[in-house]
Amino acid sequence: MGRFGSPQERGRAMKDGVEVMSMSYSYGDAAARASAPGVSAARAMAFYFVKGTLVGYEAISTFAADSSDFDDTRVSDIRRGVTTEAQLGELVGRPSGLYVYPLAAAPGQRVLVYAHAQKRGKAPMARKQLLVTVDAAGIVRDLQWEKIGEW
């Protein structure tokens, strides 16, 4: 909280019997250059804690300088048990978040978060999210993919 100030939202949720606390922040700038024409420039970030220890974060940005957009056309090329974490970077880009246990299914696993959302004018918010679970060796074990709205 020292660096970002008071969060705009706080929350609590239970995950596998463990209480997870969340804090989220957002910022928009109508005058800033966005990552795509007609998109509002905004950033949002969420942090997740268990007993004061950071267990996850995710960030979304539509600012041109640090956009969280990723190449969703390559999601179908990701193979469970085969694709490595290094190959993910080549396929879809850099993740904008990370979860560890209990936000990941098991200790030793990590979830790489690829998330992007954008708003154009009066259209509803469009969002896409790819969650890729990797084991301790950096091999993809699971993935969840969704894309909502008009892109």
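Quick check: anything in the stretch 124-141 surrounded by 14 or more Cβ atoms within 10 Å (Cβ to Cβ), assigned to a strand (DSSP E or B), touching a residue at least 60 places away in the same chain (Cβ under 8 Å) and β-branched (Val, Ile, Thr)? Looking for residues that are surrounded by 14 or more Cβ atoms within 10 Å (Cβ to Cβ), assigned to a strand (DSSP E or B), touching a residue at least 60 places away in the same chain (Cβ under 8 Å) and β-branched (Val, Ile, Thr), one finds at least one in the stretch 124-141, hence yes.
Screening Val113 against (1) modelled with pLDDT of 95 or more; (2) β-branched (Val, Ile, Thr); (3) over 12 Å from the mean Cα position of the chain (by Cα) leaves a single unmet condition, (3). Scan the stretch 70-92 and tell me whether some residue there is closer than 21 Å to Val50 by Cβ and modelled with pLDDT of 95 or more. Checking the stretch 70-92: not a single residue is closer than 21 Å to Val50 by Cβ and modelled with pLDDT of 95 or more.
Pairs are defined by a Cβ separation below 8 Å, a sequence spacing of at least 6 or placement on different chains, a first member in the stretch 48-62 that is within 22 Å of Gly17 (Cβ to Cβ), and a second member that is among the acidic types (Asp, Glu); the pairs so defined are Val50/Glu19.
Let's see how each residue does on (1) among the β-branched types (Val, Ile, Thr); (2) within 16 Å of Gly97 (Cβ to Cβ); (3) under 14 Å from the mean Cα position of the chain (by Cα):
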residue	(1), (2), (3)
Glu9	no, no, no
Asp16	no, no, no
Met23	no, yes, no
Thr53	yes, no, no
Ser67	no, yes, yes
Phe70	no, yes, yes
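Among the residues of the stretch 61-86, those that are within 18 Å of Thr133 (Cβ to Cβ) and crowded, with 17+ Cβ neighbours inside 10 Å comprise Phe70, Asp72, Val75, Ile78, Thr83. The set of residues from the stretch 10-46 being closer than 21 Å to Val113 by Cα and of a type in the set (Gly, Ala, Ser) comprises Gly11, Ala13, Ser22, Ser24, Ser26, Ser35, Ala41, Ala42, Ala44, Ala46. Suppose the filter is surrounded by 17 or more Cβ atoms within 10 Å (Cβ to Cβ) and in a strand (DSSP E or B); does Ala115 pass it? Spelling it out, Ala115 is indeed surrounded by 17 or more Cβ atoms within 10 Å (Cβ to Cβ) and in a strand (DSSP E or B). crowded, with 17+ Cβ neighbours inside 10 Å and in contact with a Ser or Thr (Cβ under 6 Å, 6 or more places away or on another chain): is that true of Ala44 in this structure? Yes. In the set (1) out of contact with any Lys or Arg (no Cβ under 8 Å at 6 or more places or on another chain); (2) in a loop (DSSP other than H, G, I, E, B), Pro102 fails one condition alone, (1).
The values are calculated or read from the model by the stated rules, or taken from the named source; none is laboratory data. Only a predicted model underlies this, so the values are computations on that prediction, with no experimental measurement involved. Glycine gets a Cβ as well: all are built from the backbone with ideal geometry, and neighbour counts include every protein chain shown.
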